[in-house]
Amino acid sequence: MARGRDKQSSGSKKPLAAPQKMLAGPQHPGANASPGQTMPLGTSAGLAAGRGAPSRYNELAGPQPPNTIRDVDPGNWYSPFQPIMPFGPPAVRYPRSFDYQTGINLDYAPYQFQKFDMLIAMSRSWGLLRAVIETRKDQLLRMPHAFQVKGKPNAKSPSIDKLTEFFRKPDGKTRYGTWMRLLLEDLLVIDAPTIYKWKSLDGTPLALQVLNGQTIKPLIDDTGRRPDAPDPAFQQIIKGLPMTNFDETELAYMPMRPTPQFPIYGYSPVEQIYGEVIVGIKRLMYQRDFWTDGSMPELIITVPEVWTPQQTAQCQAHFDALMSGNIQLKSKVRFVPGGMKPFDIKNANGDALKGDIDEWWASLVCFAFSISRAALIKPMNRASAESAKDTADEEGLHPLMNWVKEEVMDPIIQEDFGFDDIEFNYLPENEVDGAKQMTTVTGYVKQGVWTRDEAREASGKEPMGGAAAELSYDTATGPVPLEEAMEAARQTALAKPDQLEREAENHELAAEGSRKALDAPPDDGVPPGKKPPGSKKPGAKEVGKSAVVPFAKARDVKPLSRRSRKVTAAQSELEEAIAGMFDVMAPAISASVAFAVGDAVANQLGRGSAFGEIEVPARALQHIADEVTEGLDLDAFNGLVEPMEKALAEVGSEAADRGASQLRLEVGPEFGALTRIVHRDALAYATARSAEMVGMIRDAAGDLVPNPRAKMAITDTTRQRIREMVVSKLSPGEPFNLVRALEDLKDDVSGGPLFSRTRAALIAQAELGMAHSHGTMASLRRAAELGLTIHKRWSTAKDEHVCSELCEANEAAGAIPLEDAFPSGDLAPLAHPRCRCALVGVVQDEDQEEAA
């Protein structure tokens, strides 16, 4: 079907004279004036046409404020003074969006057009930049998309069918993928994407033609804004002169990155790195000349010192003539005069043409377009590469997808076609990895998010219908309908008593009974807190000024479980903080270590050691390792102090408070003071340990300063491990290549276990375990100071993973005095890395105390 039309009849085959003739009709309010016609402002013709009438912005802006401020007195001491009276015409009361050039609409060949020419030329002259631009286009076009009813993504609609058919060839000639590439080219290179809207008789789009944004000049009104229709808003500059005008309903001009200083034009990624691209192109030309012109020979032979310049020139000419064009002679033996010495020229094969600066340029270009640089730089470990790629894709694609949706597609759908209930959406990208896709789809089905038919459709299979079309939830005995599973869970919840509330109620009843027993006088009339003369109530003990508390046997003071929800949450948060710090530090530390090792080797063996195989004596290697590790900057670890202090305080305080609360009846009125003291002990430990862990200590002002006596500091273990890796990679007494050794060392430091999540989890588990034990010990020690007889015992996890050598022996020792050491030599857990044991306090009654 023909996409063009005559202004008299939609079925006419008469060719169109010009685009503006096509637009004449009721759908264009300003079509009564001839397109492209201009009238002098201020003339009677101009006023009659409405072009010289007073600006409507004055009415919208309202009256102008007075020129003086009432509450400013120029005679006041150091007054701010009154502002300068505005120099603009009194009738102008509206602002300008930016300080535009006077007569900007008359400049039909602005400097911006010249810049467009340079940006386009640069994008086509540097292969690296062009590859990045095309990759970004490919990434966007790879994303699946669809037209959907708002709020009902799976609903069907005739409007969706019409839009789907229209956007197969949006301009009537070009398919959607190529059409979008044309639009993205102007967006990414000059940020001037432009669409001309050919319209039908009913005003809906007939074709959407991508124009060269380089030819479009935006116009502005007095405020610096785009003029409203039917006034001209754009001009197309052809052959250096304005060809025609367009109003804002005819042309969609959509810069993605305008700036407040010049908002009518965009600021493309190519323009953002304008200077770097110029230098990159010049470097490319230098590299090309190296291979085409050849400025460096691969071999130089010195001649005897007694030769004259004429003899040297004759020898050179003889060899040039002998070798030129004669490939067979290159492999034959040549005899040269005595005294000649050959020299191999380094980098004559082009090795020097590529260096770290090339990686920096590649990274900069990729960063400007927010795409992954993994394919353009030295290989990194797989996890880091995948993480960097995902981050780049997310940061770059999402803004681009939002621009396509909000600036291009949705306005066309909702404003031009009039389908207010339809929107354009990008769909989740199809998972390429079959195993991951199966795991995701299976999880959706098992949890009742998708039906089995929806999962089959997502996999390209035909739906089965019946039970497969219903949502189900997988249980241990098989899938059940989701509604039945939800109803069964609701009934179970209604029938089950609230366990937590019941335990709290029982605890309050027991506490109330104990308080009544304490307040009630004994049968013999002795006041509370006093013992009858010459008698002792079995199982009773006096604690300070509190009343007697009966005990039938020794009672455990159980700490907060180290597997409780609160401890687990704190450990997870701390592990994430440490792992995040490791991710930031690993690249910087690995590069710093490699540089320091290379510098130290050069100082020990000379600068020429970087080439070829070298050997490092054992004594020199020890000196190099010491120099590198001692000079290593690990101050970034200080960023862990705050999250570590928070986690240690939370777990330690909880364990201390739990221990103190279980001694509430024993300590009586001293309970409040006990709670405050143990809480303060836990916070003090958290403050001190969080600093000590990174090799620091807090001074009187609370600032972090180096701690020469820090114990179990991760900075010390990090230095020691790096020292071991340096010694291992340099292979004392064995020949090795320094460049390869340094690359391997960087990979081991950044991608090895030193900065891994496993180490982060181990540190978090160990530190919180020690804080847990310290909090328990604090509550027991403070209770002992109040007169209670406190023992302690070691409690293991009681599974097959318990350490038999240390932890089981500690548990077998039973209850021991509070300040005694367990068989392993520890006062409290932890006994070793990954130890999962906990400390349990034991309150002894008087009979056991006497027996002891």
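The values are calculated or read from the model by the stated rules, or taken from the named source; none is laboratory data. Because the structure is a prediction, the values reported are computed rather than measured. Positions of Cβ are generated from backbone atoms using ideal geometry, with glycine treated the same way; all protein chains shown enter the neighbour counts. When the accessible area is computed, the model is the full protein with side chains, heavy atoms only, and any ligands, DNA or RNA have been set aside. Shrake-Rupley method; radii C 1.70, N 1.55, O 1.52, S 1.80 Å.
Under the condition of being under 39 Å from the mean Cα position of the chain (by Cα) and open to solvent by less than 20 Å² (accessible area, probe 1.4 Å), which residue from region 209-225 is nearest to F262 (Cα to Cα)?
The residue in question is G224.
Scan region 176-197 and give yes if some residue there is open to solvent by less than 30 Å² (accessible area, probe 1.4 Å), more than 30 Å from A61 (Cα to Cα), part of a strand (DSSP E or B) and polar (S, T, N, Q), otherwise no.
yes
Select, from Y100, Y108, Y78, the only residue that is open to solvent by 100 Å² or more (accessible area, probe 1.4 Å) and among the aromatic types (F, W, Y).
Y78
Looking at region 263-281 only, could you name the residues that are open to solvent by 30 Å² or more (accessible area, probe 1.4 Å) and modelled with pLDDT of 90 or more?
P263, Y267 - these are the residues of region 263-281 that are open to solvent by 30 Å² or more (accessible area, probe 1.4 Å) and modelled with pLDDT of 90 or more.
Any residue in region 702-715 that is in contact with a helix residue (DSSP H, G or I) (Cβ under 8 Å, 6 or more places away or on another chain), surrounded by fewer than 15 Cβ atoms within 10 Å (Cβ to Cβ) and touching a residue at least 12 places away in the same chain (Cβ under 8 Å)?
The answer is yes, given that some residue of region 702-715 is in contact with a helix residue (DSSP H, G or I) (Cβ under 8 Å, 6 or more places away or on another chain), surrounded by fewer than 15 Cβ atoms within 10 Å (Cβ to Cβ) and touching a residue at least 12 places away in the same chain (Cβ under 8 Å).
Output the residues belonging to region 620-640 that are under 23 Å from F582 (Cα atoms) and surrounded by 19 or more Cβ atoms within 10 Å (Cβ to Cβ).
A625, V628, T629, L634, F637, L640 - these are the residues of region 620-640 that are under 23 Å from F582 (Cα atoms) and surrounded by 19 or more Cβ atoms within 10 Å (Cβ to Cβ).
Looking at L241, L251, L284, L206, which one is open to solvent by less than 60 Å² (accessible area, probe 1.4 Å), out of contact with any Lys or Arg (no Cβ under 6 Å at 6 or more places or on another chain) and touching a residue at least 12 places away in the same chain (Cβ under 8 Å)?
L251
Assess whether V678 counts as being farther than 22 Å from A838 by Cα, open to solvent by less than 60 Å² (accessible area, probe 1.4 Å) and assigned to a helix (DSSP H, G or I).
So V678 does not fit the description; no.
Does any residue of region 711-729 turn out to be on the phi > 0 side of the Ramachandran plot, among the aliphatic types (A, V, I, L, M) and under 33 Å from the mean Cα position of the chain (by Cα)?
Yes, region 711-729 contains a residue that is on the phi > 0 side of the Ramachandran plot, among the aliphatic types (A, V, I, L, M) and under 33 Å from the mean Cα position of the chain (by Cα).
On the basis of being open to solvent by less than 50 Å² (accessible area, probe 1.4 Å) and among the small types (G, A, S), does S773 make the cut?
Spelling it out, S773 is indeed open to solvent by less than 50 Å² (accessible area, probe 1.4 Å) and among the small types (G, A, S).
Filter region 299-329 down to residues that are surrounded by 10 or more Cβ atoms within 10 Å (Cβ to Cβ) and part of a loop (DSSP other than H, G, I, E, B) and give me whichever is modelled with the lowest pLDDT.
N326
Do the conditions hold for G448, that is, is it touching a Leu at 6+ places or on another chain (Cβ under 6 Å), under 23 Å from P153 (Cα atoms) and either at pLDDT below 80 or of a type outside the set (K, R) (or both)?
So G448 fits the description; yes.
Can you tell me which residues in region 121-132 are more than 15 Å from M285 (Cα to Cα) and open to solvent by 40 Å² or more (accessible area, probe 1.4 Å)?
Selection gives R130, A131.
Where in region 213-275 are there strands (runs of 3 or more DSSP E), lying wholly inside it, with at least 3 residues that are among the hydrophobic types (A, V, I, L, M, F, W, C) and in contact with a Ser or Thr (Cβ under 9 Å, 6 or more places away or on another chain)?
234-238
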